[in-house]
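The values are calculated or read from the model by the stated rules, or taken from the named source; none is laboratory data. Fair warning: this is a prediction, and the values are worked out from it, not measured in the lab. When we count neighbours, we look across all protein chains shown, and the Cβ atoms used for this are built from the backbone with ideal geometry, even at glycine.
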Amino acid sequence: MSDHTVSNGEKQKPQTKALWRVFWILLALTAVEFAIAFGLDTDTFKWTKIIIFIIMTIVKAYFIVGNFMHLRDEVKSLIWTVILPAMFVVWLLVALIVEGGYIGLVR
């Protein structure tokens, strides 16, 4: 059961090198996030921190979905069937927050 072979009789090479590369990239991004979270002043750089965290979260999600869910090697139409609904959900959340009066509310 543990002997996985390719159709031509050769054993498939383990992809540990690619997984370790993704691991180190995710570790570095997480370390940078921690440095930003504890290094920047919350009062002065509030929106800068939020924008940086959103961008870094999207980059980390790209690596996780692309490598561990094997979406990077798929055809473009399948990738767009996953990304397009996610973009609409983000748009819906932004629209609901803005129209609900949450953003721009004076305290």
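Regarding the range 89-103, can at least one residue be identified that is of a type in the set (Asp, Glu) and either surrounded by 11 or more Cβ atoms within 10 Å (Cβ to Cβ) or modelled with pLDDT of 85 or more (or both)?
Just the residues of the range 89-103 that are of a type in the set (Asp, Glu), to begin with: 99.
Now narrow it down to the ones that are either surrounded by 11 or more Cβ atoms within 10 Å (Cβ to Cβ) or modelled with pLDDT of 85 or more (or both): none.
The answer is no, given that none of the residues of the range 89-103 is of a type in the set (Asp, Glu) and either surrounded by 11 or more Cβ atoms within 10 Å (Cβ to Cβ) or modelled with pLDDT of 85 or more (or both).
Has the range 59-76 got at least one residue that is part of a helix (DSSP H, G or I), among the polar types (S, T, N, Q) and loosely packed, with under 13 Cβ neighbours inside 10 Å?
No.
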